[in-house]
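Q: Handing you this structure, nothing more for now.
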Amino acid sequence: MDFLTETKNSLHQLSNVEKKKHLLKKRIVRYLYFNGPKSAAEISKKLKSSIPTITTTIIELISNDVIKEQGQGNSSGGRRPNLYGLQNDTFFILGIDIGRFATKMAIFNTKLENITGL
């Protein structure tokens, strides 16, 4: 199941393990969307999940072209961590502002860039 196009019924068909994995993928994508590129260790710490679990899930998201490696971060000692961020056109967000006299809409990409020019 594609986690970006889920339906209520499709979640009920998953086993508990698959549901947890599905929700972790969503949490990782949401975290990267709002916080920008992060290392697996930072994601693990923030989402309170083990580094091996996060790394496995990141590999799955990379193979599905949802996220990508975006260089290396800074290190105070030891190996520099790989940074992971969202692919540019993985999904789009439609923003709607309904006012009393006017309605405005805009479409944003995963970098929070307005791609409609409105």
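The values are calculated or read from the model by the stated rules, or taken from the named source; none is laboratory data. Just so it is clear, the structure is predicted and the values come from calculations on it, not from any experiment. Heads up, the Cβs are rebuilt from the backbone with ideal geometry, glycines too, and the neighbour counts pull from every protein chain shown.
For every residue, the table says whether it meets (1) at pLDDT 95 or above; (2) touching a Gly at 6+ places or on another chain (Cβ under 6 Å); (3) not in a loop (DSSP other than H, G, I, E, B).
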site: Leu11; (1), (2), (3): no, no, yes
site: Leu14; (1), (2), (3): no, no, no
site: Val17; (1), (2), (3): no, no, yes
site: Lys20; (1), (2), (3): no, no, yes
site: Lys25; (1), (2), (3): no, no, yes
site: Ala41; (1), (2), (3): no, no, yes
site: Ile58; (1), (2), (3): yes, no, yes
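Q: Quick check: anything in the range 82-90 over 18 Å from the mean Cα position of the chain (by Cα) and either part of a loop (DSSP other than H, G, I, E, B) or surrounded by fewer than 10 Cβ atoms within 10 Å (Cβ to Cβ) (or both)?
A: no
Q: Under the condition of being without any contact (Cβ under 8 Å) to a residue 12 or more places away in the chain and among the hydrophobic types (A, V, I, L, M, F, W, C), which residue from the range 17-43 is surrounded by the most Cβ atoms within 10 Å (Cβ to Cβ)?
A: Only one residue tops the list, namely Leu23.
Q: Among (1) part of a loop (DSSP other than H, G, I, E, B); (2) under 18 Å from the mean Cα position of the chain (by Cα); (3) not small (Gly, Ala, Ser), there is one condition Lys45 misses while meeting the rest; what is its number?
A: Result: Lys45 passes all but (1).
Q: Looking at this structure, is Thr7 in the same structural domain as Gln72 (by TED's automatic domain parsing) and at pLDDT 90 or above?
A: Judged against the criteria, Thr7 is not a match.
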